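Just below is one structure, and these are the notes that go with it.
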Amino acid sequence: MNLSFKKVVTVCAFAALSASAWANAELKAIENETPRGGEPFESYGWTAVAIGVATPVQIPWGIKKWDVFGLDLNLGYSDAPKMYGWEIAIGGNTARKTMMGLQTAAGFNYSNADAYGLALSLFNMNNYEFYGVSVDAIGYNRKVYGLEINALGAATDEAMGGVQISGLGNFIRDSLYGAQLAAGVNMARNMNGFQFAIYNQTALLWGLQLGIVNYASACDHGLQIGLVNIIMDNQFPVFPIVNWYF
């Protein structure tokens, strides 16, 4: 009797450990599919064409559940986990996982993971890394590698590698590797490259600032050309026309 009881306990313990290991593996897989955290978007499957009024009122039916490898066309709003191809809507587009291709909308484009290609709308937002060309009125991205063209302005949460062009201003919370061009203001914490605007500002200058007023807290290797040029750690912090440190 005791022997049978021990066998039952042993089997139950083994089953519990196996279930725990399986659950941990599943949880890890889900976390890998959602790099920014939040809801895991598991797909029913994939389709070459999704078409309708607005997700989920579309063929095939299913809110945020069909990966699209081809064309995603909805009158109001398109929403897919993975989007490889062309996502089109009048209102807005969302790609919950990787986007490779084109997102075009009158309202907005949003991608929650890595995105590769072209985004065209009034407002483009990427929550991870964007590689390609982004054209909009206002843009917000975490990391951008490529070209941004913004009628009004752009904000980048981390790094920008490439060229950022805006009507009013560009703002990068961390590092610029490339060029910022604006009619009004350019700001980047670390600037490696070129800034052109009425007012340019950086904490660390490594490159060229060209504007009416140029400001740098520190400069390793750089040149400022403008009416007022300020390098705070230079021997002469404020200089008209030209200021530099090499």
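The values are calculated or read from the model by the stated rules, or taken from the named source; none is laboratory data. What you see is a predicted model; the values in this text were computed from it and never measured. With ideal geometry, Cβ positions are generated from the backbone for all residues, glycine too; neighbour counts draw on all protein chains shown.
In table form, for the structure just shown:
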read-out: Strands (runs of 3 or more DSSP E) wholly inside the stretch 104-176 that include at least 1 residues being more than 27 Å from residue 72 (Cβ to Cβ); value: 123-156, 160-166
read-out: Selection from the stretch 56-98 of residues that are over 12 Å from residue 110 (Cα atoms) and either of a type in the set (S, T, N, Q) or within 18 Å of the chain's Cα centre (by Cα) (or both); value: 58, 74, 82, 84
read-out: Test: residue in the stretch 35-51 that is of a type in the set (Val, Ile, Thr) and either within 19 Å of residue 121 (Cβ to Cβ) or at pLDDT below 85 (or both); value: no
read-out: Residue that is closer than 22 Å to residue 153 by Cα and outside any loop (DSSP other than H, G, I, E, B), where the choices are 193, 222; value: 193
read-out: Number of positions in the stretch 61-110 that are buried (at least 21 other Cβ atoms within 10 Å of the Cβ) and among the hydroxyl-bearing types (Ser, Thr, Tyr); value: 4
read-out: Residue list for the stretch 174-221, filter: at pLDDT below 95 and among the charged types (D, E, K, R); value: 220
read-out: Matching option when the condition is farther than 30 Å from residue 110 by Cβ and assigned by TED's automatic domain parsing to the domain that holds residue 115, among 141, 150, 234; value: 234
read-out: Positions within the stretch 130-165 being acidic (Asp, Glu) and within 15 Å of residue 195 (Cβ to Cβ), in sequence order; value: 148
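Condition check ((1) assigned by TED's automatic domain parsing to the domain that holds residue 145; (2) more than 24 Å from residue 142 (Cβ to Cβ); (3) touching a residue at least 24 places away in the same chain (Cβ under 8 Å)) across all residues:
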{"position": "182", "(1), (2), (3)": "yes, no, yes"}
{"position": "185", "(1), (2), (3)": "yes, no, no"}
{"position": "197", "(1), (2), (3)": "yes, no, yes"}
{"position": "214", "(1), (2), (3)": "yes, yes, yes"}
{"position": "225", "(1), (2), (3)": "yes, yes, no"}
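For (1) surrounded by fewer than 24 Cβ atoms within 10 Å (Cβ to Cβ); (2) closer than 26 Å to residue 133 by Cβ, each residue gets a yes or a no:
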{"residue": "176", "(1), (2)": "no, yes"}
{"residue": "182", "(1), (2)": "no, yes"}
{"residue": "217", "(1), (2)": "yes, no"}
{"residue": "224", "(1), (2)": "no, no"}
{"residue": "235", "(1), (2)": "yes, no"}
